[in-house]
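First the structure, in the form of structure tokens, and then the observations on it.
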């Protein structure tokens, strides 16, 4: 994943990120049923609250650009080229190179991700159900990912409350 530490990123600007992507999240929610707060939450986690390379807001892997990322493994697969590794409990935290999709626009990235979620989770799921599904299916290899989803979701919901109550 393109997970960047949200807690150590001193340049993180959650309010600015949410303000800039709010209309996009509303549009994608209206087209796909994926909750706007989930879209903003996952985009924030994957990008560290900034514009990502190749407009890939959700860490979707595929043909495109080769980037450094962090993955956690119990056993490191032989096909993975490891740049560095560190033992953390019963897992290895590995910095690796991986291929990530590139998109022509932010909208294309958000719609692609929402359509992937729809196929896997179903239409009309809540943000909590999506977070639980991604946790149970090991979508993210970080063992603390579910906790991170929940913490950032709370931050995003608070910002959305401010935006939506001020209208």
Conditions: (1) touching a strand residue (DSSP E or B) at 6+ places or on another chain (Cβ under 8 Å); (2) assigned to a helix (DSSP H, G or I). Residue 83 meets all but one. Number of the miss? (2)
For region 86-112, enumerate the residues that are over 30 Å from residue 30 (Cβ atoms) and either in contact with a helix residue (DSSP H, G or I) (Cβ under 7 Å, 6 or more places away or on another chain) or surrounded by 15 or more Cβ atoms within 10 Å (Cβ to Cβ) (or both). 91, 92, 93, 94, 96, 98
Enumerate the helices (runs of 4 or more DSSP H) found wholly within region 100-167, keeping only those where 3 or more residues are over 15 Å from the mean Cα position of the chain (by Cα). 106-121, 145-165
State which residue is farthest from residue 47 (Cα to Cα) when the search covers only region 129-149 and only residues that are modelled with pLDDT of 90 or more and surrounded by fewer than 15 Cβ atoms within 10 Å (Cβ to Cβ). 129
Across region 33-58, the tally of residues that are touching a strand residue (DSSP E or B) at 6+ places or on another chain (Cβ under 7 Å) and on the phi > 0 side of the Ramachandran plot stands at 1
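The values are calculated or read from the model by the stated rules, or taken from the named source; none is laboratory data. What you see is a predicted model; the values in this text were computed from it and never measured. Ideal geometry is used to build each Cβ from the backbone, glycine not excepted, and the neighbour counts take in all protein chains shown.
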